[in-house]
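First the structure, in the form of structure tokens, and then the observations on it.
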Protein chains: 2
Amino acid sequence: MQFYQQGFHPGDPRITDPLDRIIAPPLKHPMPSEVDVMIVGCGPAGLNLAAQLSKFASISTCIVEQKDDRLLVGQADGIACRTMEMFEAYDFADQIKQEAYWVNETAFWKPNTEQPEQITRSSKIQDVEDDLSEMPHVIINQARVHDAFLDVMRHGARKVVPHYSRQLINLEVNPTVTDYPVTLTFERLDSQHLGTIETVKAKYVVGCDGARSTVRKSIGRELVGDSINQGWGVMDVLAITDFPDIRLKSAIHSNNEGNMLIIPREGGYMVRLYIELDKLKSNERLSKKNITTDYLIAAANRIMHPYTLEVKEIAWWSVYEIGQRLTTAFDDAENGRLPHVFLAGDACHTHSPKAGQGLNTSVNDTWNLGWKLAHVLIGRAKPELLQSYSLERQTVAQQLIDFDREFSKMFSAKPKSTANPDGVDPAAFQKYFVKFGRFTAGTAIHYPQSNLVSSGKYQGLATGQTIGMRFHSAKVTRLADAKSMHLGHSMKADGRWHIFAFAGDQSFMSDACQVKALCEFLQNNPLSPIQRFTPKNADIDAVINVQAVFQVSHRKIEVSDIHSLLQPTKSRYGLKDYEKVYSALYEGNSFYDKRGIDKNNGCIIIVRPDQYIAKVLPLDDLDGLTSFFDKVLLNLAT
Amino acid sequence: MQFYQQGFHPGDPRITDPLDRIIAPPLKHPMPSEVDVMIVGCGPAGLNLAAQLSKFASISTCIVEQKDDRLLVGQADGIACRTMEMFEAYDFADQIKQEAYWVNETAFWKPNTEQPEQITRSSKIQDVEDDLSEMPHVIINQARVHDAFLDVMRHGARKVVPHYSRQLINLEVNPTVTDYPVTLTFERLDSQHLGTIETVKAKYVVGCDGARSTVRKSIGRELVGDSINQGWGVMDVLAITDFPDIRLKSAIHSNNEGNMLIIPREGGYMVRLYIELDKLKSNERLSKKNITTDYLIAAANRIMHPYTLEVKEIAWWSVYEIGQRLTTAFDDAENGRLPHVFLAGDACHTHSPKAGQGLNTSVNDTWNLGWKLAHVLIGRAKPELLQSYSLERQTVAQQLIDFDREFSKMFSAKPKSTANPDGVDPAAFQKYFVKFGRFTAGTAIHYPQSNLVSSGKYQGLATGQTIGMRFHSAKVTRLADAKSMHLGHSMKADGRWHIFAFAGDQSFMSDACQVKALCEFLQNNPLSPIQRFTPKNADIDAVINVQAVFQVSHRKIEVSDIHSLLQPTKSRYGLKDYEKVYSALYEGNSFYDKRGIDKNNGCIIIVRPDQYIAKVLPLDDLDGLTSFFDKVLLNLAT
Ligand SMILES: Cc1cc2nc3c(=O)[nH]c(=O)nc-3n(C[C@H](O)[C@H](O)[C@H](O)COP(=O)(O)OP(=O)(O)OC[C@H]3O[C@@H](n4cnc5c(N)ncnc54)[C@H](O)[C@@H]3O)c2cc1C
Ligand SMILES: Cc1cc2nc3c(=O)[nH]c(=O)nc-3n(C[C@H](O)[C@H](O)[C@H](O)COP(=O)(O)OP(=O)(O)OC[C@H]3O[C@@H](n4cnc5c(N)ncnc54)[C@H](O)[C@@H]3O)c2cc1C
């Protein structure tokens, strides 16, 4: 899709009239007096959490925002592959793929050895390694991601619409109160209700209120870390240039004029520039007051000399200081007391924007938290489950901060040359970029061992599906309708657990077939986690979704031979669900080969609701299966 | 996506609350007194035309419908590959792909030789041959296709919203009037305006008003053909069955109980049944009065014996008579007088629903007409262009009728057996099905030679791109951003012509490079069709979009070496459009190999706004290029 050539206009570019792209903000309904979950802040962290919770009809969720409407422009724009996989679980990845710029290659530019005041391309590299993810790394206005979440929220089983023009001014936790232990006080900011105070009681509160988080301060947490006093300017522009790689992500290191990152944007014309500013004096703060757009454009032209850039329109701009900071804790838990207030996103961690990790880490925080909150609120798990949020996400945030510190330092350093012997070798920077490709793609996240992440005892049965990391999708062929599709896309943002049974070499559904035996156990044995953890009257796959993959061609399997657990009757009509059995074969490839599944023995892979692998175990390890779920789920069947 | 398991509800299944899926009908604005184009009927033919015309800001379009709101359920459901390609040009193919059932395989069932009262599977075959189209053959409620068109219309450069509750009661053409020669009279049907008469004058009228078309009668055209007095019942159901191929398209021929077609539907649960009814007596008419759903369900169970089907909910049903009929002419042109009134869709041709051609042929009618009307109305071509509509679509309709007559006969015939020696051999039926796979996929359409479709003189330069047929897409890599993409998807529903320059073996943009010479000519020579037919002040690609494909890897081409015609500056800012140059290579394949492009000589392919190939010619045949456009376009540059 091409758009913005006549100027930037926020909203859905599929709508020709820019005025129609802006929808009216929701009606200013009063807030409820009690809610299950109160989310403070409509950034990506908060909206993702609200979208996830809106999938549960029985959970009441409230999300507030001090601004008077949805975001329209600016802030982050990089969507990592892993974030796109998450979008797929919400069914809006295709829409983003269609609209966004795809980062396929990255170009590196450095000073020309002969004429160091001119830049020259050192190389182009593939941006995302082959088969790292089925999703591309894309670039799109953060506001469009917000819009997609807002749609999911509006369309959920429990409709959620933000309450705008409300500022959180106070938050108190009273741990002795058991039902709604948190009390929040808001001040209304719209002219009609200016200064009106609203009080809401909540079971749980999630502070998604950004770097200056009021929630964080209320629970006595702090962002600690350093600022290296390096300033950056960022601009989204429509511009004319002779720089040849303007439609590639390009990292430019100039000899003496600083550094710049070029990020092509959606629509074929717009481009984002991250421009290094002079080192700041200690305690000097950057702001739009002391930096102008003319200044930034002049700096960009100096950095990219001999190329030039003539800016025709500035869609958005901002200035930035780099500082790597991390909160002292991700929740309010203390001395064995369980958490009631959580922090997510920029409220927990701040860092430079250049590796594009802000939005991505923020949405992945609440992607981790959402299903856990839902489990506890609908009684599927004990509140202790919530302790794992801090454990899992604090590790990730620490890695991010460490990575960013190094990356920013290298990015901001002068290129090595005879005049700058201590500078960074552009080749070394590029190496670092490649090395951390999986990290920046979001696919390297590896949660530590816990009740939710088992030991690697049977990792050998599925060498390409690492326990503690996200399930790595690949294509298979669905039996009932012969559709080739991504196995990972069978997992949606619905809070369900997944058991994938990968068959070994026994013949299909024969007496020796271990998948059959597993299905028998799961369907009929009183010890089966499905028997024990599925509420009465709920569909048999309501809590744990069992699916199976066989090594033979789908043409060799008869639907009528399949175990009834894999073709369960569901819903008020007792209709059969035919979409749980697959052949591993797709265009001559086998899922087993691609993802290292043991062909002789097969295996079970337990996948969490957030698509992270909880456990790999032998097909006949029924004890292992049972004991895993025993530690996580609560018996709702009785 | 899975949906409808708790019951069918019309509208967008992404919205959980069924009540939110139904949007309010548009406000009942009065109709304008004069319009450029009046479209009668909001079926797929009319909506597609309105969607196409809404892309042109200067064309006023009015579309009326006698019903009081958009369609919600029923009618056709099969979307052929070629129709999906068209949807891609509107940017909504992805949405349909996500929601629809994909027809990957078809199963054939016949009487068991030993126990002829029982059916048995004779075979499964792949539904669409490999590489026939980049798009799948899908199944979705026709109403959802309407919704997609309505979105395009609402979002167009010229917003178009249907006028509901209006019935056309009279149409008169006065050829002596030059500005608005057609006068239409409508009666309002809504209670607020019941009986109110509105009169609208139009330059052109398109009758998309279905099989009983009032427009057709008004211009003295008739549907002629035959009815073989064969009745069919159609039902969309949620049902429980032990029939193993319920999630595959299945054609069932029973020994004595008639025949049935099973079409799995979107959402994983719903299925459509086409059930053969007894032969009708001459002049007997079928209707819902003499057929009940119980009757249909009982017939289905008899046909599929020994399998059974228990219907839990009927989402929609209807009864059908098969009759192949074709209109005597597609427009009102007579004795050299140019046409002002056109017919499209079921108003021109009716036939059985079983090959799923009704909706597909109807939208392709108006896809052919839309850009032609737009050309004439904005002065890009002479009104004579409109004569080609009837010429091109009448041929297609005749082929359809002929095909359907044979297909229906074979489908309705008894299977061959010792008792029925004159019956149809199921294997022969299956062969016929495969043979006409390209026809039913919509990719076999071949327009005859005319001003718009040149002779095959240079067909040898592009053996896989047949002149008169649709441009057959394949993947390429876009130079500027290294994106692998379908070359065909660079053509949108915007009324533009396309010149694809496929480079020969001369080195890239060297003096010998014929693409460079072609660009020079096109950009600067006063004889160039771009010079002559592009309005002053319009972008250089506003009428003819020139793109180029090279045989070398995209890494070997520098953006800065590309001819400026292929990187034109556009829009009010003079921004460069970087999205017109490709490498033919994609994952080790070359577009040249896949589509038979001459590697030594390259070629030019001229593609019409509807993606049909107008001409193939040598890269240096500038006269051939010029003379082609001379016959089609009008000089607007002056
Ligand atoms: C101005 C700006 C520019 C940025 N530019 C870039 C960039 O160029 N590249 C990049 O990668 N990242 C950028 N970021 C960072 C990126 O947008 C964040 O990492 C990401 O948005 C974090 O998401 P979040 O949901 O945690 O917080 P935020 O997106 O910051 O959302 C927090 C929300 O909470 C609201 N809020 C705060 N306090 C209260 C209160 N007391 N009561 C009610 N509501 C409150 C805020 O108004 C805000 O909407 C930028 C951020 C900002 C603010
Ligand atoms: C009841 C029904 C069931 C069908 N079932 C199937 C099926 O099972 N499978 C299949 O493949 N195809 C089926 N079809 C055919 C398929 O839907 C059509 O081929 C397709 O819709 C044709 O599109 P169209 O736009 O030409 O006409 P239509 O879709 O028929 O649209 C014509 C429109 O014009 C309106 N109209 C008519 N006269 C006037 C007037 N005087 N003033 C104002 N408006 C008027 C009508 O209300 C209607 O909405 C069915 C059609 C119908 C009507």
| Count of residues meeting criterion [closer than 24 Å to residue B:225 by Cα, of a type in the set (D, E, K, R) and not in a loop (DSSP other than H, G, I, E, B)] in region B:333-376 | 3
| query | Can you name every residue in region A:554-579 that is in contact (Cβ under 8 Å) with a residue 60 or more places away in the chain and more than 7 Å from chain B (Cβ to nearest Cβ)? | reply | A:554, A:557, A:562
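Being surrounded by fewer than 24 Cβ atoms within 10 Å (Cβ to Cβ), closer than 23 Å to residue A:216 by Cβ and more than 16 Å from ligand 1 (Cβ to nearest atom) is the requirement here; does residue A:36 meet it? Give the derivation first.
On the way: surrounded by fewer than 24 Cβ atoms within 10 Å (Cβ to Cβ): yes; closer than 23 Å to residue A:216 by Cβ: yes; more than 16 Å from ligand 1 (Cβ to nearest atom): yes.
Judged against the criteria, residue A:36 is a match.
Only one of B:522, B:518, B:527 is in contact with a Ser or Thr (Cβ under 6 Å, 6 or more places away or on another chain), under 21 Å from residue B:603 (Cα atoms) and not in a loop (DSSP other than H, G, I, E, B); which?
The match here is B:522.
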| query | When residue B:302 is evaluated against the numbered criteria (1) under 27 Å from residue B:42 (Cβ atoms); (2) surrounded by fewer than 20 Cβ atoms within 10 Å (Cβ to Cβ); (3) away from ligand 2 (no atom under 16 Å from the Cβ), which criterion, by number, is the only one it fails? | reply | (1)
| query | Within region A:530-541, is there a residue that is surrounded by 20 or more Cβ atoms within 10 Å (Cβ to Cβ), in the same structural domain as residue A:475 (by the TED database), closer than 25 Å to residue B:271 by Cβ and modelled with pLDDT of 95 or more? | reply | yes
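Conditions tested, residue by residue: (1) surrounded by fewer than 24 Cβ atoms within 10 Å (Cβ to Cβ); (2) modelled with pLDDT under 95; (3) basic (Lys, Arg); (4) near ligand 2 (Cβ under 9 Å from one of its atoms).
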| residue | (1), (2), (3), (4) |
| --- | --- |
| B:341 | no, no, no, no |
| B:349 | no, yes, no, yes |
| B:362 | no, no, no, yes |
| B:365 | no, no, no, yes |
| B:375 | yes, no, no, no |
| B:378 | yes, no, no, no |
| B:389 | no, no, no, no |
| B:393 | no, no, yes, no |
| B:399 | yes, yes, no, no |
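For region A:96-106, state whether one or more residues are of a type in the set (S, T, N, Q), within 12 Å of ligand 1 (Cβ to nearest atom) and in contact (Cβ under 8 Å) with a residue 12 or more places away in the chain.
Initially, region A:96-106 is screened for residues of a type in the set (S, T, N, Q), giving A:98, A:104, A:106.
Right, trim to within 12 Å of ligand 1 (Cβ to nearest atom) and you get none.
No - not one qualifying residue is present in region A:96-106.
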| remark: Among residues of region B:300-339 being of a type in the set (Asp, Glu) and modelled with pLDDT under 95, the residue farthest from ligand 1 (Cβ to nearest atom) is B:334
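Any idea which of A:134, A:129 is part of a loop (DSSP other than H, G, I, E, B), at pLDDT below 95 and acidic (Asp, Glu)?
Every option except A:129 fails the conditions.
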| field | Cross-chain or 6+ apart pairs with Cβ under 8 Å, region A:433-448 first and under 18 Å from residue A:392 (Cβ atoms), then charged (D, E, K, R) and surrounded by 17 or more Cβ atoms within 10 Å (Cβ to Cβ) | value | A:442/A:82; A:443/A:82; A:443/A:470; A:444/A:438; A:445/A:82; A:445/A:470; A:447/A:392; A:448/A:392
| request: Could you please let me know if residue B:408 is within 14 Å of ligand 2 (Cβ to nearest atom), surrounded by fewer than 23 Cβ atoms within 10 Å (Cβ to Cβ) and of a type outside the set (Lys, Arg)? | output: yes
| said: Exactly one of these conditions fails for residue B:315: (1) farther than 21 Å from residue B:138 by Cβ; (2) in a strand (DSSP E or B); (3) more than 12 Å from ligand 2 (Cβ to nearest atom). Give me its number. | reply: (1)
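The values are calculated or read from the model by the stated rules, or taken from the named source; none is laboratory data. In this text the structure is predicted, and so the values were computed from the model without any measurement. Backbone-built Cβ (ideal geometry, glycine too); neighbour counts: all protein chains shown.
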